[in-house]
Amino acid sequence: MAEKDDYLLDLLVDLGFTDAEQVARAREEASAAGVGVVDLLVANKAIRPGDVTQAKSAQFGAEVVHLANLKIDDEVIAMVPREVAKKYRVVPVFKNESRLAVAIADPSDLNTIDSLTHLLRTEIEVRVASEPEIEAALNKYYGSEKKSKDAGIFKDVIKELDDENAELSVVEEGPAAEDAPLIRLVDSIIVDAFKLRASDIHLEPLAKKFRLRYRIDGVLQEIPGKAPKRLQAPIIARLKIQAGMVISEHRVPQDGRIQSKVGTKLIDLRVSCLPTNHGESIVMRILDKEGLKLGLPELGFLSDDQATFERIIALPDGILLVTGPTGSGKTTTLYSCLNFINRPDRKIITVEDPVEYVLGGINQVQVNEIVGFTFAMALRAILRQAPNVVMIGEIRDMETASIAINASLTGHLVFSTLHTNDAPGAVTRLIDIGVKPFLVASSTRCLMAQRLVRKICKKCVAPYAPTDAELNAMGLRPEEVKNANVQKGRGCSNCNNTGHRGRMGIFEIFVVDDDARKLIYDRVPTNVLRARAREMGMRTLREDGIRKVLAGMTTPEEVIRATVGDEA
């Protein structure tokens, strides 16, 4: 090990990654601590793991690969058994005629290269990658012990299905159905998604494969090997039966619901089936009633914004609109508001399409447009029920907007959502729908835009220095982040090597005051209204995101991605 350190240290000095004086100091510390000199330099952040990789590459003339940026084919991964890959710490990268290229951290380890040549019976091409990248790739492509065991269960079930060749019988319900291999396969897809904290399950028929993807923290991740193409038809048939759909209908979209038990938890899945040119695509939205966090702090509010928001939702009347694109967490925010003000002396009624989560102590009404029970009809009916608070799932048309505004002007507190990009834009949207400006000005109490960003994994969080491009995008100078708590996740088993775990909101809160009401009444353009909101102290989405970056809650990359169209 000492000899390896010596040649590496010489290379690192020659390449300018460190200097002789720093190496001499590190030798003394390493000798006292009983560790390698290179390991100590990396641990002290005097050099980076990537510097060591580059030095090794230069010495042996091997190409450096960045495994995080590669998409390695399943066929290539299958060429190196999991036990071999884990034992020798190698990741197969690609197959080139009779040669297999593998990534290894130490290209000087000739014993490993010789062993692989004999074990795999093929010629080995060496590529160099850093140890952390190899660790992350091994976990990604081969998984932990538990994942490997789960994969084995999947293989056993799929083999059992092939052996039985009983795809039609296994979708039948009955006392013995729980033991049927197809049912175990479908159930395990749902259970795995729940354990990985996925919000949706996507089963997509493509030309040559049946793709399974989970949306985790807002990002789709492909799960290879768990839904073979040959089992596409029986898997879809099983899910359609569970969701109460017509199994023989393949020409039109269908919707349904599945209730499934994961351990002691009961979860609901909202199922959508859509005919495509290669078969029916299934998307299941996981609704975990017990896991829904309804506290305002969990949404991501900082203390000053939370105080403002709590004051607004405690008002006796008026409208509060939450805006943002689909999937930005608007409905969860509204549920949190209702949970916060839900008291025995208040009657709360919601009108939703569909009712996603059941809240205790609240009357929830589901719209059914097939029988003519629209948002507008439901609103007229529930106003005769004398509620204090009304939540409307979404304002979609003039009739719904008009009833909602009239309700707010007659002593009701109304919550709803609207599809606009920013908070002041909600005013223009309501006027475009057909609502008179004086009604918008009189009824609106607060407009709030929001987006979701991924939180940093607490298990692998580490200090991070933003790049110049990130600083420019956020409008920050280097000295402004010098003493800030900017962090980023390195990637670990807790976060599936993404560096992120969970999501939170970033917010743009526009509290409508008398001056703003006059501007709304005068039908000023959105940019004028936005300028007035900024004068009142409204932070933009990006500004709120930057505060959370500096507080170490999320990363610059996440905030920039979520606020591409926002002016800092």
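Average accessible surface for the range 229-277: 54 Å² per residue, computed with a 1.4 Å probe over protein heavy atoms with every protein chain in place. For the range 247-402, the spherically averaged projection of the C-alpha convex hull amounts to 12.5 nm². The range 342-367 and the range 73-120 have Cα centres separated by 57 Å. Accessible surface for the range 479-540, divided over its residues, is 54 Å² per residue with a 1.4 Å probe.
Using the Cα gyration tensor of the range 294-375, with a ≥ b ≥ c the square roots of its eigenvalues, what is the shape: rounded (a/c below 1.5), prolate (a/b larger than b/c) or oblate (neither)? Kindly include the intermediate steps, with their values, before the conclusion.
Working: a/c = 2.01, a/b = 1.49, b/c = 1.35.
Note, shape of the range 294-375 comes out prolate.
Relative contact order, whole percent, for the range 399-539 stands at 30, derived from Cα pairs under 8 Å and 6 or more residues apart. Here the accessible area is traced with a 1.4 Å probe on the protein chains. For the range 210-351, carbon and sulfur cover 52 percent of it.
Relative contact order of the chain, taken over Cα pairs closer than 8 Å and 6 or more residues apart, is 9 percent. How much net charge surrounds ALA62 when only other residues with a Cβ under 14 Å from its Cβ are counted (Lys, Arg +1; Asp, Glu -1)? Taking every Cβ under 14 Å from that of ALA62, the sum is -1. Per residue, the chain reaches -12000 deg cm²/dmol at 222 nm when only DSSP H runs of four or more residues are counted, each adding -39500 (n - 2.57). For trypsin sites (Lys or Arg not before Pro), the sites in the range 468-548 that DSSP calls loop and that have at most 10 other Cβ atoms within 10 Å are LYS482. As an equivalent ellipsoid, the chain spans semi-axes of 50, 36, 18 angstrom, where each value is the square root of five times an eigenvalue of the C-alpha gyration tensor, largest first. Net charge near ALA227, counting Lys/Arg +1 and Asp/Glu -1 over other residues with Cβ under 9 Å of its Cβ? Combined, the nearby Lys, Arg, Asp and Glu give +4. Write out the cysteines belonging to the chain for which the nearest other cysteine Cβ is not under 4.7 Å, or none if no such cysteine exists. By the Cβ distance rule, which asks for a partner under 4.7 Å, the isolated cysteines are CYS273, CYS337, CYS446.
If you take all other residues with their beta carbon under 12 Å from the beta carbon of ALA516, and give Lys and Arg +1 and Asp and Glu -1, the sum is +1. Each listed q (0.21, 0.35 Å⁻¹) maps to a log10 I(q)/I(0) for the range 307-346 from the Debye sum over equal C-alpha point scatterers, namely -0.74, -1.28.
Projected label points at VAL84 and ASN485, each 7 Å from Cα along the beta carbon direction, are separated by 4.8 nanometres.
Decide, for the range 409-531, between rounded, prolate and oblate: order the square roots of the alpha carbon gyration tensor eigenvalues as a ≥ b ≥ c, take rounded if a/c falls under 1.5, and otherwise choose prolate if a/b is larger than b/c, else oblate. Because a/c hits 1.5 or more and a/b exceeds b/c, the range 409-531 counts as prolate. Between the C-alpha center of the range 512-558 and that of the range 381-457 there is a gap of 18 Å.
Could you tell me what percent of the DSSP beta bridges with both partners in the chain are antiparallel, to the nearest 5?
Values: 53 of 84 bridges.
Once the DSSP bridges in the chain are tallied, antiparallel ones form about 65 percent.
The values are calculated or read from the model by the stated rules, or taken from the named source; none is laboratory data. Remember, predicted model here, so these are calculated numbers, not experimental data. Glycine gets a Cβ as well: all are built from the backbone with ideal geometry, and neighbour counts include every protein chain shown. The protein model used for the area step is the full one, side chains on, heavy atoms only, and it has no ligands, DNA or RNA in it. Shrake-Rupley method; radii C 1.70, N 1.55, O 1.52, S 1.80 Å.
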